[in-house]
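In what follows, a structure is listed as C-alpha cells, so that the remarks can point back to it.
Any read-out appearing in this document is the output of simple, stated calculations on the displayed coordinates, not a laboratory observation. None of these values were measured; they are calculated from a predicted model. When we count neighbours, we look across all protein chains shown, and the Cβ atoms used for this are built from the backbone with ideal geometry, even at glycine.
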Amino acid sequence: MMKKTLLITGGAGFIGSHVVRLFVNKYPDYHIVNLDKLTYAGNLANLKDVEDKPNYEFVKADIVDSEAMLNLFQQRQFDAVIHLAAESHVDRSISNPTEFVFANVIGTVNLLNAARAAWKDHSEGKLFYHISTDEVYGSLGEEGLFTETTGYDPHSPYSASKASSDHFVRAYHDTFGLPALVSNCSNNYGSFQFPEKLIPLFINNIRNNKALPVYGKGENIRDWLWVEDHARAIDVIFHQGKVGETYNIGGHNEWTNIDLIKLMCAIMDRKLGREAGTSEKLISYVKDRAGHDLRYAIDSTKLQKELGWVPSLQFEEGLEKTIDWYLENEAWLHGVTSGDYQKYYEEQYQKR
Ligand code: NAD
Ligand code: DAU
C-alpha cells in the first residue's frame, strides 16, 4: 500500500465519521487528516474509537475561510481530498438558505482553489473526490430511477447548493484539468446520525413518548442505504473510480415515509416491551415541508457493474441494528439533544 496523506472534510459528521473510521482502520499507511468546523452537526464523540490512532489527525477549520484553506494546502502535501463537509439538512436550508450557499458552494470552491494551487504542476495521481446527493436530480414520479445522466433539477435550497457545488467540481475538472470525481448517494441511515433527520428523530421521539411529526400524508418515498455501505462505496470509488466520472450510490430500497415509520414503531414496541400498536398512536400528521420532493430512487448499476460494489445489509436488519445502537447509546443522544437542539426543535415543529 502506497503512503498517502488524505484530507477528509466533514469527518466529525454522520457519514464523514464512518468514512474516517473505515479509512483509519483499513489503511494504516494512510495519514488521515479530518478537517471539520464542528458545527452543531459535527461531534468528535463520533470518533472516540479512532482518535488515538497514529495515522489520524484532527484539524478544526472552516472551509468558508479561503485563506485558511489555501494555507493548509500549501503547508501539507495532500495526495487526495474526500469532501463531505456541508450543511446537510433540508429543513434548515428552508429556514436559512444563505448558510448553505456559504458552506456548500463557497466552501467547495475554496477547497477546489486550494487543491488547484497546491497541485498545479503535479496533479498526476492526485484526486478531489466530492460527495454529493441524489437530491440534485429533483423528484421522480411513480416510475423511473435516477441515473448518472439524469438532468439536474434541485428544488430545496439544500439541493440547489449541492447541485451548484457538483457543477463547480466538474467545471474545475473540465476547465483546469483538476483530477476530480463525484458520487451522488441516496438517503443514509445508521449510527451517529444527528436526530434532526427522520430515522434518529423518530427513534428518539418514540423512546420519549413524543409526537411523531409526519410531513403531509407521509406518502413521500426515499431510497434508504446503510451508512457503512455508503462508506464502503466511497472506499471503492476512491480507489477504483475513474477521474472525471460520476457514480450513483443507492440501496434499491424504497419506502414511503409512513410505511417506514410504522415499521420503526413496531420494532420499537417490541424492543421497549410495549404492547403492539402503542407507538403508532404517536403519529401526528403536520404541515408538509415546502417544496417537498415526492420520490427519490437511485440506479446504481454503473457502480455495481464497473466497480463491483453491492450493499451488504438488508434494510430490516440495518434498521434493527440502528435502533439498537440509539437505545444503547443514550449518553451520545443526550449529548447531542441537550443545549441548542431544544430551541431548534421548538422552532421547527411548534409552528406546524
Ligand atoms: P452532517 O450534517 O452529519 O455532517 C456535516 C459535517 O460537516 C459536520 O461535521 C459539520 O461540522 C461539517 N461542516 C459543516 N460546515 C462546515 C464548514 N463550513 N467547514 C468545515 N466543516 C463543516 O452531514 P452528513 O449527513 O454526514 O452528510 C455528509 C455529506 O454527504 C454532505 O456533503 C451531504 O450533502 C452528503 N450526503 C448526505 C446524505 C445523507 O443521507 N445524510 C446522502 C447523500 C449525500
Ligand atoms: O437523499 C439524500 C438526502 O437525504 C441527503 O442529501 C440529505 O443530506 C439528507 O438529510 C436526506 O434528505 P431528506 O430530506 O430526504 O431526509 P430527512 O431525514 O430530512 O427526511 C426524510 C423524509 O421524511 C422526507 O420525505 C421528509 C420526511 N420527514 C422528515 C422529518 C425530519 C418527516 O415527515 N418528518 C420529519 O420530522
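Taking the stretch 1-27 as the range and being of a type in the set (A, V, I, L, M) and within 16 Å of ligand 2 (Cβ to nearest atom) as the test, the residues that pass are Ala12, Ile15, Val19.
Here Thr256 meets each of (1) surrounded by fewer than 17 Cβ atoms within 10 Å (Cβ to Cβ); (2) touching a Phe, Trp or Tyr at 6+ places or on another chain (Cβ under 8 Å); (3) not acidic (Asp, Glu) with one exception, condition (2). Residues that are farther than 10 Å from Asn257 by Cβ and of a type in the set (D, E, K, R) within the stretch 195-233 comprise Glu196, Lys197, Arg207, Lys210, Asp223, Glu228, Asp229, Arg232, listed in sequence order. If you filter the stretch 106-165 down to residues that are hydrophobic (A, V, I, L, M, F, W, C) and not in a helix (DSSP H, G or I), you find that the one that is surrounded by the most Cβ atoms within 10 Å (Cβ to Cβ) is Phe128. So which residues in the stretch 75-104 are more than 22 Å from Val33 (Cα to Cα) and either among the β-branched types (Val, Ile, Thr) or outside any helix (DSSP H, G or I) (or both), if there are any at all? Answer for the stretch 75-104, where residues must be more than 22 Å from Val33 (Cα to Cα) and either among the β-branched types (Val, Ile, Thr) or outside any helix (DSSP H, G or I) (or both): His89, Val90, Ile94, Asn96, Thr98, Val101. Looking only at the stretch 182-219, residues that are touching a residue at least 60 places away in the same chain (Cβ under 8 Å) and within 16 Å of ligand 1 (Cβ to nearest atom) come to 22 in all.
Quick one: which helices (runs of 4 or more DSSP H) lie wholly within the stretch 313-352 and hold at least 1 residues that are aliphatic (A, V, I, L, M) and under 22 Å from the mean Cα position of the chain (by Cα)? In the stretch 313-352, 315-328, 330-337 are the helices (runs of 4 or more DSSP H) which contain 1 or more residues that are aliphatic (A, V, I, L, M) and under 22 Å from the mean Cα position of the chain (by Cα). Scanning the stretch 133-161 for residues that are aromatic (Phe, Trp, Tyr) and within 12 Å of ligand 2 (Cβ to nearest atom) gives Tyr137, Phe146, Tyr158. Among the residues that make up the stretch 71-84, is at least one of them closer than 18 Å to Ile131 by Cα and within 15 Å of ligand 2 (Cβ to nearest atom)? Yes, there is a match, as at least one residue in the stretch 71-84 is closer than 18 Å to Ile131 by Cα and within 15 Å of ligand 2 (Cβ to nearest atom).
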